[in-house]
Each structure stands twice: as C-alpha cells, then as structure tokens.
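Q: My questions will all concern the structure given below.
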Amino acid sequence: MKLRGLIIAIVVLAALTGALYWSNRQKPAETASADAPPKILTLKQEDISKIDLKKKGADELVLAKDSSGKWQITAPKLLSVEQSTVSPMLSSLSALTSERLVEEKASDLGQYGLSDPALTASITEKNNKTHALLLGDQTPAGNAVYAKLDGDPRVFIIANYNKGNIDKSVNDLRDKRLLTVDADKISKVELIAKKEDIEFGRNKDAWQIVKPKPLRADGPQVEELVRNLTEARMDFGGTDQEAKNVASAFASGTPVATAKVTAESGTQELQVRKSKDDYYAKSSAVDGVYKVASSVGKGLDKGLEDFRNKKLFDFGFSDPNKIEIHDGTKNYFLTKGGEDWWNGNGKKLDAGSAQSVVDKLRDLSASKFVDSGFTAPAIELTVTRVEKVQIAKKDTGYIARREGEASLYESDASAVTALEKAAEDMKVAAAPAGK
C-alpha cells in the first residue's frame with residue numbers, strides 16, 4: 001500500500017509540475033496581448049467618402065470625393081486637391097492605433113483638453129456611418145496628444161506624427177499648381193516674351209513652331225518650357241500683410257512673359273512679372289497672385305531663337321542608312337548593311353572612321369540664324385531617311401540650308417572642317433588575319 005501511495009503521489013506531483021510549466025510558458029504571450037496598444041479606428045480607406053476638420057480659430061475644412069472618386073475641398077470654398085496630400089491623412093485615420101490607453105472611463109475630459117478639443121475630425125464612410133475623433137492637449141512630454149472617439153469613454157494617447165497627418169489646412173491640401181492642365185494633354189503653347197509672340201503646336205510627340213512662321217523646334221527646349229509652366233506652383237505668404245506685399249509687387253513689377261496653354265479642356269493663361277530679384281505670377285485657372293520660383297521666370301524669359309532647332313540633321317542617335325558627301329571634286333558614298341558601313345566601291349569601311357563621319361554630321365549645327373548670305377553650295381550632304389543639306393562658303397565661315405526650308409543656318413567653320421577631315425580619313429577595313 002505504501003508503494004502504491006508513493007507512486008500515486010509521484011504521478012500527481014509530475015502533473016502539477018507540468019501544469020505549472022505550461023502556465024508559465026503561456027503567461028508572457030497573454031501579457032503581451034493585454035499590453036498591446038488599443039486600436040482607435042479600423043476602417044477601409046476606400047470606404048471613406050468625407051472628412052470634416054473643425055479646428056479652433058480656423059474655418060471648417062471639408063474634404064469629399066467627387067463623382068470620379070477624386071478628393072476635393074468643398075468648404076470653406078470649392079477647391080481642387082493635390083491627391084497625394086490626402087494619402088497620409090487617410091492612412092492615419094483608417095488605421096489609428098494609440099500609443100497607450102490613459103483612462104478606461106474618463107470623468108474629467110477637461111484635464112486632457114478634450115472637453116473643448118483643439119481639433120475634431122469627423123470621418124464619414126460611404127454607408128453614411130460617421131466617426132468623430134477628438135484631439136486635445138499635448139502630453140507633458142510633448143511627443144504625443146490626448147485623443148478619444150466621440151461616444152467612447154476611453155482616453156488614449158496618439159503619436160504627434162498621426163496628429164500631423166490629420167491636422168491640415170486648406171493650403172496644405174489644395175492643388176498648388178498655377179496651371180491645372182496636365183503636360184501630356186497640352187496641344188498648343190503660346191509664349192509672349194522679349195517682344196515676340198511665339199506659338200508651338202504638338203503633333204503626337206513632336207513640337208513645331210507655327211508662329212511667327214513654321215520652323216523646326218528644339219523639342220527638349222519646348223518640353224522644358226511646358227514643364228516650367230505645368231510645375232509652376234503657389235508660394236504662400238504666411239500673413240495677410242505678406243499676401244498684400246505679393247499683390248503689390250506683381251502690380252508694380254516688370255512684365256516678363258505671358259503664356260497660354262491649350263488642351264481639350266480649354267485654354268489657361270499665366271502672367272509672370274519681376275520685382276527686384278523675385279518673380280510673381282497670376283493665373284486664369286486660380287484666384288490670387290503668388291510668388292513663384294525664379295526657375296519659372298527665367299524659363300519663360302526666352303526668345304524665338306532659344307526654341308529653334310539648330311541641328312542641321314534630324315537623324316539624332318539613330319544612324320542613317322545612306323550618306324552622300326559632295327565636297328568640290330571629292331565624293332564619298334557610305335551605305336550601311338547590318339552593322340557595317342560600305343563605300344561606293346562595295347568595300348567594307350573601317351568601323352571607327354565611318355562612325356566618325358556619322359558623328360560629325362550629327363554635330364553640325366547653327367551658331368546663329370541669318371536671313372541672307374547663301375551663295376553657290378561648296379558642299380552637299382545627303383542623309384537617307386532622306387535629309388539633304390547644302391553648305392556655302394561665306395568669308396571665314398559657312399552658311400547652310402536644308403532642302404525644302406527657307407531658313408539659313410550659319411555654322412562654325414571648325415564643324416565643317418572636322419566633317420571634311422573625317423571624310424578624307426575614312427579607310428577600308430583591314431582584311432581578316434590569314435586572308
């Protein structure tokens with residue numbers, strides 16, 4: 001009997017030891033779960049249709065989705081919204097987690113600044129369910145604020161960055177572009193600057209000068225102009241007095257340029273003026289006058305020649321298939337087959353010397369444009385796609401013209417001389433070893 005009792009006692013002791021071990025293993029997990037910061041809001045971003053911000057000492061700010069699903073400001077007045085600025089707010093409001101729970105059932109909200117909150121954010125879902133988040137005073141440490149949901153007795157602490165994402169003004173959220181048209185939608189640009197009226201037209205992705213007369217345009221220069229216009233943004237003054245100073249500076253400033261951009265949605269105009277070293281702009285698309293970056297003013301302060309294509313050839317970085325050079329009594333013929341160049345006698349050319357000719361043709365450009373001075377051509381160049389250029393000698397330089405164009409391009413003698421030398425230096429490719 002004693003042995004049996006001893007065995008039973010050992011079994012019971014082992015069971016109790018195992019239960020205690022298991023209990024101790026589970027306890028940290030349970031404690032961690034109990035200590036996890038409580039979530040305040042758990043919403044789907046796509047279900048949020050309206051956000052109403054009421055802040056002490058400021059006008060009520062209301063954001064709402066339009067029929068296309070884009071956010072817009074509907075109060076204090078209707079304004080377009082820069083969509084990316086709403087994303088941090090939606091991120092915080094849809095998944096708002098507290099730093100910790102302060103009080104389960106708060107009886108005195110005044111001690112947290114929540115009886116008369118500094119900011120109330122009301123979030124409306126598409127099913128018309130509304131959640132009102134109250135934000136009060138900062139914590140003594142200054143790195144968080146007190147918060148609660150209307151109708152929920154609990155008081156929480158949330159991090160300052162969450163408050164920063166929610167506490168936004170009209171100027172923080174509004175579309176700050178002075179011209180609200182997208183760059184890729186623009187089909188026509190008119191620029192009045194330097195006493196010239198220039199008009200550019202876009203055909204697919206290629207820009208051309210159409211006014212004062214049809215001319216080849218420097219595509220990258222026109223694209224930079226469009227970029228300066230569409231990226232011109234409002235620089236808000238901090239006070240009413242600063243805003244008045246901006247308006248006064250624009251009114252008394254020197255006109256720099258007026259630009260008009262046209263898209264399917266219509267035409268918008270931007271006027272830019274300079275006062276001292278600063279630039280100011282007024283747009284037909286938005287109310288008010290604003291200070292703008294100096295890059296906007298300098299980017300519009302250009303004349304016709306700044307936008308003309310100075311290159312004699314358009315083949316760019318795509319090599320042509322055929323080249324003819326007639327330089328007095330010297331004639332050169334190059335034909336490309338696959339990766340190789342061949343001369344007029346059917347002999348394969350040295351790749352480096354042939355490429356040098358192509359590069360020199362590509363480099364030919366105007367140092368300036370002239371109205372006269374072209375005489376008998378001394379050099380004739382034909383590049384197949386087909387582009388044909390004639391070059392006439394004038395004094396110590398050259399004047400070139402493209403076939404089918406009235407424009408005359410004055411070119412530096414060094415570029416023409418370099419082309420002539422490259423043509424003369426062309427050589428037949430060395431025969432493969434052993435042949």
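Q: In the stretch 81-121, what residues are farther than 19 Å from I157 by Cβ, crowded, with 17+ Cβ neighbours inside 10 Å and of a type outside the set (V, I, T)?
A: Result: M89, L90.
Q: Within the stretch 49-80, track down each residue that is open to solvent by 70 Å² or more (accessible area, probe 1.4 Å) and either without any contact (Cβ under 8 Å) to a residue 12 or more places away in the chain or touching a Leu at 6+ places or on another chain (Cβ under 9 Å) (or both).
A: Residues satisfying the conditions are K50, K54, K55, K56, G57, E60, S67, S68, P76, K77, L78.
Q: Pairs only if they're at least six apart or on different chains, beta carbon under 7 angstrom, first in the stretch 286-304 and closer than 13 Å to Q271 by Cβ, second small (G, A, S) and part of a helix (DSSP H, G or I); list them, first residue then second.
A: V289/A247
Q: Same structure, new question: Kindly provide the set of residues from the stretch 246-262 that are of a type in the set (A, V, I, L, M, F, W, C) and either more than 29 Å from the chain's Cα centre (by Cα) or part of a helix (DSSP H, G or I) (or both), ordered by number.
A: Let us first name the residues in the stretch 246-262 that are of a type in the set (A, V, I, L, M, F, W, C), namely 246-247, 249-251, 256-257, 259, 261.
Within the stretch 246-262, V246, A247, A249, F250, A251 qualify.
Q: How many of the residues in the stretch 257-273 are of a type outside the set (D, E), at pLDDT 95 or above and open to solvent by 20 Å² or more (accessible area, probe 1.4 Å)? Give the derivation first.
A: Restricting attention to the stretch 257-273, the residues satisfying the condition of being of a type outside the set (D, E) are 257-263, 265-268, 270-273.
Then drop every residue that is not at pLDDT 95 or above, which leaves 257-263, 266-268, 270-273.
Those still in the list that are open to solvent by 20 Å² or more (accessible area, probe 1.4 Å) too: 258, 260, 262, 266-268, 271, 273.
Matching residues across the stretch 257-273 total 8.
Q: Does any residue of the stretch 311-321 turn out to be open to solvent by less than 40 Å² (accessible area, probe 1.4 Å), in contact with a strand residue (DSSP E or B) (Cβ under 9 Å, 6 or more places away or on another chain), more than 20 Å from P220 (Cα to Cα) and at pLDDT below 95?
A: Filtering the stretch 311-321 down to residues open to solvent by less than 40 Å² (accessible area, probe 1.4 Å) leaves 312-313, 315-316, 320.
Restricting the remaining residues to those that are in contact with a strand residue (DSSP E or B) (Cβ under 9 Å, 6 or more places away or on another chain) gives 312-313, 315, 320.
Right, trim to more than 20 Å from P220 (Cα to Cα) and you get 320.
Those left that are additionally at pLDDT below 95: 320.
For the stretch 311-321, residues open to solvent by less than 40 Å² (accessible area, probe 1.4 Å), in contact with a strand residue (DSSP E or B) (Cβ under 9 Å, 6 or more places away or on another chain), more than 20 Å from P220 (Cα to Cα) and at pLDDT below 95: present.
Q: If we scan the stretch 151-166, do we find a residue that is buried (at least 16 other Cβ atoms within 10 Å of the Cβ), at pLDDT 95 or above, of a type in the set (D, E) and more than 29 Å from K302 (Cβ to Cβ)?
A: No, every residue in the stretch 151-166 fails to be buried (at least 16 other Cβ atoms within 10 Å of the Cβ), at pLDDT 95 or above, of a type in the set (D, E) and more than 29 Å from K302 (Cβ to Cβ).
Q: A follow-up question, please. Here are some conditions: (1) modelled with pLDDT of 95 or more; (2) under 26 Å from Q111 (Cα atoms); (3) not basic (K, R). A141 meets all but one. Which one does it not meet?
A: (1)
Q: Separate question: So which residues in the stretch 32-79 are out of contact with any Lys or Arg (no Cβ under 9 Å at 6 or more places or on another chain), within 30 Å of P153 (Cβ to Cβ) and assigned to a strand (DSSP E or B), if there are any at all?
A: K39, L41, T42, I51, D52, K54, K55
Q: If you don't mind, there's one more thing I want to ask. Quick check on the stretch 336-378: of everything there that is more than 45 Å from the chain's Cα centre (by Cα) and free of Cβ contacts under 8 Å to residues at least 60 places away in the same chain, which residue is most open to solvent (accessible area, probe 1.4 Å)?
A: Taking the candidates together, the pick is N345.
Q: Filtering the stretch 390-419 down to residues that are touching a residue at least 60 places away in the same chain (Cβ under 8 Å) and farther than 11 Å from F374 by Cα, which residue is most open to solvent (accessible area, probe 1.4 Å)?
A: First pass over the stretch 390-419, keeping only residues touching a residue at least 60 places away in the same chain (Cβ under 8 Å): 400, 402, 405, 407, 409, 411, 419.
Within this subset, residues satisfying the condition of being farther than 11 Å from F374 by Cα are 402, 405, 411, 419.
Values: R402: 32, E405: 53, S411: 6, L419: 5 Å².
It comes out as E405.
Q: Another question about this same structure. For residues in the stretch 122-137 being over 16 Å from I40 (Cβ atoms) and among the charged types (D, E, K, R), which is surrounded by the most Cβ atoms within 10 Å (Cβ to Cβ)? Please lay out each step first, then the result.
A: Just the residues of the stretch 122-137 that are over 16 Å from I40 (Cβ atoms), to begin with: 124, 126-128, 137.
Filter once more, so that each one left must be among the charged types (D, E, K, R): 126, 137.
On the way: K126: 12, D137: 14.
The residue in question is D137.
Q: Find all pairs meeting these conditions: Cβ atoms under 8 angstrom apart; at least six residues apart or on different chains; first residue within the stretch 209-234 and more than 29 Å from V370 (Cβ to Cβ); second residue of a type in the set (D, E) and open to solvent by 70 Å² or more (accessible area, probe 1.4 Å).
A: T230/D182
Q: For residues in the stretch 167-210 being hydrophobic (A, V, I, L, M, F, W, C) and under 19 Å from the mean Cα position of the chain (by Cα), which is most open to solvent (accessible area, probe 1.4 Å)? Step through it out loud before you land on a result.
A: Looking only at the stretch 167-210, we keep the residues that are hydrophobic (A, V, I, L, M, F, W, C), and these are 170, 173, 178-179, 181, 183, 186, 189, 191-193, 198, 200, 206-207, 209-210.
Adding the requirement that they be under 19 Å from the mean Cα position of the chain (by Cα) leaves 173, 178-179, 181, 183, 186.
Values: L173: 1, L178: 0, L179: 1, V181: 14, A183: 41, I186: 3 Å².
Per the criteria, the residue is A183.
Q: For the stretch 118-136, give me each residue that is touching a residue at least 40 places away in the same chain (Cβ under 8 Å) and not hydroxyl-bearing (S, T, Y). Can you show your working first?
A: The initial filter retains those residues of the stretch 118-136 that are touching a residue at least 40 places away in the same chain (Cβ under 8 Å), namely 118-127, 131, 133.
Hits for the stretch 118-136 are A118, L119, A121, I123, E125, K126, N127, H131, L133.
The values are calculated or read from the model by the stated rules, or taken from the named source; none is laboratory data. Given the structure is predicted, the values throughout are model-derived calculations rather than measurements. Positions of Cβ are generated from backbone atoms using ideal geometry, with glycine treated the same way; all protein chains shown enter the neighbour counts. Surface accessibility is based on the protein's heavy atoms, side chains included, excluding ligands, DNA and RNA. Shrake-Rupley method; radii C 1.70, N 1.55, O 1.52, S 1.80 Å.
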